[in-house]
2 protein chains.
Amino acid sequence: MQQEVREQLKAKLAQHGVSATNQRIDIAEVLFEMPQHMSAEQIIERLKSNDKSVSKATVYNTLNMFVAEGLLREVHVDPERTFYDSTTHPHHHFFNVKTRELIDIPASEISVGQMPPLPAGTVAEGLDVVIRIRPSPV
Amino acid sequence: MQQEVREQLKAKLAQHGVSATNQRIDIAEVLFEMPQHMSAEQIIERLKSNDKSVSKATVYNTLNMFVAEGLLREVHVDPERTFYDSTTHPHHHFFNVKTRELIDIPASEISVGQMPPLPAGTVAEGLDVVIRIRPSPV
DNA sequence: TTAATTGCAAACATTTTGCAGGTTC
DNA sequence: GAACCTGCAAAATGTTTGCAATTAA
């Protein structure tokens, strides 16, 4: 049963040209269990509590590879850490600056109207909308 | 003449409750010369080439204080460094992921339509739109 | 068996901090 | 002279790298 999930993940990695080692599947298992945003440290903690031992270096190597191959998206809103977002199709985020939590906003719920002309000699790579929020004051 | 600029900056700092030391004015001089985005290191370099010697610690302390007092805005798009934006009124950015440069987009040039409801118990603090760009392929 | 991958520890880069000495009002 | 500010060096993070040992095709 668990084994089946791992087989599916192996296929997913293969589709993106990533050969599947045990460690990479362990990491994928954490990330792709549900749509979510995690920092490298959170991933390492989760692996630990799942009794999987994967070194920090391998976690970072793997995350960078997943990003390069389009399996993951990096989100940069918190200067202290990079978040890895297991949802790769276009969408946006709330960022709670107090709790440092990211919350998805489906692309359909925000409409960005006219776009300014791009600077000469450049092409657009992506559009990120971040709504910074904080807990309501008492 | 130069002296006059420094007097104006001193007044600007005072308005924001920041007492004006020589170092703080040196830093303000660099930042507020024109609307721009600089990393701490770029600011330190500029100070050096202006023959102003301000220690790294003081630059960081000052930048944090300016941000806290609303004289500056931090921009987080590049995981490797924080940018300090001398334009504090609402606007958006192009970020060239190759050259790591920020370019302003006036708020009027982007219209963000409907906004999704905020998560319960939170209030909005700000809206950031970043259009990631890269040099056109040859 | 050759190439790819892992893990450790050391290296790095950016930012923060502790504290002694200096400055300011 | 009391409170504040600066600068140095050391510390703290988060991330990357070098390299020897291990695993996989």
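Laboratory data are not the source of any read-out in this text; all were calculated from the coordinates shown. Bear in mind the structure is a predicted one, so any value in this text is a computation, not a measurement. Cβ: placed from backbone, ideal geometry, glycine included. Neighbour counts: every protein chain shown.
Among what's in the range B:43-52 and is surrounded by 11 or more Cβ atoms within 10 Å (Cβ to Cβ) and either near DNA strand D (Cβ under 9 Å from one of its atoms) or assigned to a helix (DSSP H, G or I) (or both), pick the residue that is nearest to the other protein chains (Cβ to nearest Cβ). Within the range B:43-52, the match that is nearest to the other protein chains (Cβ to nearest Cβ) is B:Ile43. The residues of the range B:53-84 that are touching an Asp or Glu at 6+ places or on another chain (Cβ under 6 Å) and part of a helix (DSSP H, G or I) amount to a single one, B:Val67.
A count restricted to the range B:4-42 and to residues that are exposed (fewer than 13 other Cβ atoms within 10 Å of the Cβ), within 15 Å of DNA strand C (Cβ to nearest atom) and part of a helix (DSSP H, G or I) stands at 5.
Here A:Met34 meets the list (1) within 27 Å of B:Val75 (Cα to Cα); (2) aliphatic (A, V, I, L, M); (3) within 12 Å of the chain's Cα centre (by Cα) almost entirely, failing just condition (1). Checking the structure you have, find out if any residue of the range A:79-93 is within 15 Å of DNA strand C (Cβ to nearest atom) and in contact (Cβ under 8 Å) with a residue 40 or more places away in the chain. For the range A:79-93, residues within 15 Å of DNA strand C (Cβ to nearest atom) and in contact (Cβ under 8 Å) with a residue 40 or more places away in the chain: present. The single condition among (1) within 25 Å of A:Asp78 (Cβ to Cβ); (2) of a type in the set (Asp, Glu); (3) more than 19 Å from the chain's Cα centre (by Cα) that A:Asp51 does not satisfy is (1). Of all residues in the range B:95-138, those being hydroxyl-bearing (Ser, Thr, Tyr) and facing another protein chain (nearest Cβ under 7 Å) number 3. Selection over the range B:76-94 of residues that are touching a Leu at 6+ places or on another chain (Cβ under 9 Å) and either facing chain A (nearest Cβ under 9 Å) or basic (Lys, Arg) (or both) gives a count of 5. Within the range A:53-75, if we keep just the residues that are near DNA strand D (Cβ under 9 Å from one of its atoms) and within 14 Å of chain B (Cβ to nearest Cβ), the residue that is farthest from A:Ile25 (Cα to Cα) turns out to be A:Glu74.
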